[in-house]
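J.: Got a structure here, written out as structure tokens. Questions coming.
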Amino acid sequence: MQNDSHEDDKPVVLIAVMGATGSGKSQFINLASESSMTVGNGLMSCTGEVEYSRPFDLCGRRVVLIDTPGFDDTTKSDTDILKLIAHNLETTYAGGIKLSGIIYMHRISDVRMTGVSRRNFSMFRKLCGDKTLGNVVIVTSWWQKTDRATAERREEELRSRDELFKPVIEKGARMMRHDDTYQSAEAILRSLVNQTPQATQIQVELVDQRKDISQTSAAVELNQEIAKLVAKHQQEIQQMKEEIAEAIRMKDEESKKELEQVRKELQEQIRSLQEDHGRLSTEYAQEKRRIKAETQRTVGNLEAENSRLRAELDERDPEIDDFVRSPWARGLGFLAKTAFAIHRATSKGKNPKVY
């Protein structure tokens, strides 16, 4: 992205990029910010954590893009993905930082809106809420790999159907195309960089309304999806039982063993889904307590070191003591704590991911 000079007195612009696995999130971010996030070429997920791009300048602003895993991740459950995204958004908002924009990516090459795509978009809507839709751009990707006439027909369908993107467009969201070029990525970001930052629905629920994560709209939506999957698997198990009984009647031992294996796998999937449902609130609260304790220890260590240094400096220059007690110094302390909150959100105890 071009290095427009940025205004130092304006806050950093944070823009989140969401969407299903394989929709081109990481590739878009790399192109726009010259980062080096891993890009997938198949069905396996590459974004397993919430990651931040390297900062870059655009329209006189310093911009950072946030890469998020999809709710169809191949290495983590949907519950784990919700915890990751919710924790990041809660921590940054609690530190006084809001998103200036949210990009939702969807492959224009998809013949239809699959169940996975619908689930990702439903979770996206519950995370964002309706009040932030004016800061949302739905980006259709993979135009360069799709017949033009076919892609335009699908775009119109996505835009005009009530069960697809029409409701969010009517409430302020926009649709834009990304053809894997720098120019289209820049145009999309230029439409967002000067938007007024807003809190998403899950940020308001967790921070302002102090809800437990299980009470948020996103968690309720996720639990409904889990309930649907459990019911589906239970129906499949019942069908397996009938087929197993038929195999026994026909003395077909090979088919019986295969069906028994499928039944066991379905039962394991049900058990895993039910466990996910139960551990969301507990594990999220445990992680928050752990991070709070770690933050307090770190701040305590910083304050102790500050006191030690202040004592040493006081001996050399008495004016320093007056400065340390001034509003300037207190403001610097607040900034340090806010910076640490952002660091925790981006690194989760590791070195910050800056590309």
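The values are calculated or read from the model by the stated rules, or taken from the named source; none is laboratory data. Note that the coordinates shown come from a computational prediction; the quantities given were computed from them, not determined experimentally. For accessibility, only protein heavy atoms count, side chains too; no ligands or nucleic acids. Shrake-Rupley method; radii C 1.70, N 1.55, O 1.52, S 1.80 Å.
J.: If you plug each phi of the range 150-160 into the Karplus form 6.51 cos²θ - 1.76 cosθ + 1.60 with θ = phi - 60°, what whole-Hz ³J(HN,Hα) values come out, in order, with x for Gly and Pro?
T.: These are the phi-based 3J(HN,Hα) values: 5, 5, 5, 5, 5, 4, 5, 5, 4, 6, 9 Hz.
J.: Still on this model: Tally the DSSP beta bridges in the range 39-188 and give the antiparallel ones as a percent, rounded to 5. Before the final figure, lay out each step's value.
T.: On the way: 5 of 15 bridges.
Taking every DSSP beta bridge within the range 39-188, about 35 percent pair in antiparallel fashion.
J.: When only alpha-carbon atoms are used, what values of Rg and Dmax, in angstrom, describe the range 136-217?
T.: Over the range 136-217's Cα set, Rg and Dmax evaluate to 16.4, 48 Å.
J.: Per residue, how large is the accessible surface of the range 93-227? Use a 1.4 angstrom probe and give square angstrom.
T.: Details: 6050 Å² over 135 residues.
Result: 45 Å² of accessible area for each residue.
J.: Right, something else. So who's got an amide H within less than 5 Å of the one on ASP57, skipping anything under 5 residues away but keeping other chains? H placed 1.01 Å off N, in plane.
T.: ASP4, VAL63
J.: Here's another thing I want to ask about it. Of all the C-alpha pairs in the range 39-168, what % are more than 18 Å from each other?
T.: 61 percent
J.: Then there is this: Work out, step by step, the length gained on full extension between GLU260 and ARG289: first 0.36 nm times the residue separation, then minus their alpha carbon distance; give nm to one decimal.
T.: On the way: separation 29, 0.36 × 29 = 10.44 nm, distance 4.31 nm.
So the extension gain works out to 6.1 nm.
J.: A further question follows. Enumerate the calculated ³J(HN,Hα) couplings along the range 179-193 in order (Karplus 6.51 cos²θ - 1.76 cosθ + 1.60, θ = phi - 60°), each rounded to whole Hz, writing x wherever the residue is Gly or Pro.
T.: Listing the rounded values in order: 9, 6, 10, 4, 4, 6, 5, 5, 4, 5, 5, 4, 6, 10, 4 Hz.
J.: Once you order the gyration tensor axes a ≥ b ≥ c over the Cα atoms, which shape class does the range 55-111 get: rounded for a/c under 1.5, otherwise prolate or oblate by comparing a/b with b/c?
T.: Values: a/c = 2.80, a/b = 1.25, b/c = 2.25.
Here the range 55-111 falls in the oblate category.
J.: Can I ask one more? Quick one: pull the percent of accessible area on the range 104-187 belonging to carbon and sulfur, 1.4 Å probe, ligands and nucleic acids left out.
T.: Values: 1900 of 3970 Å².
That fraction is 48 percent.
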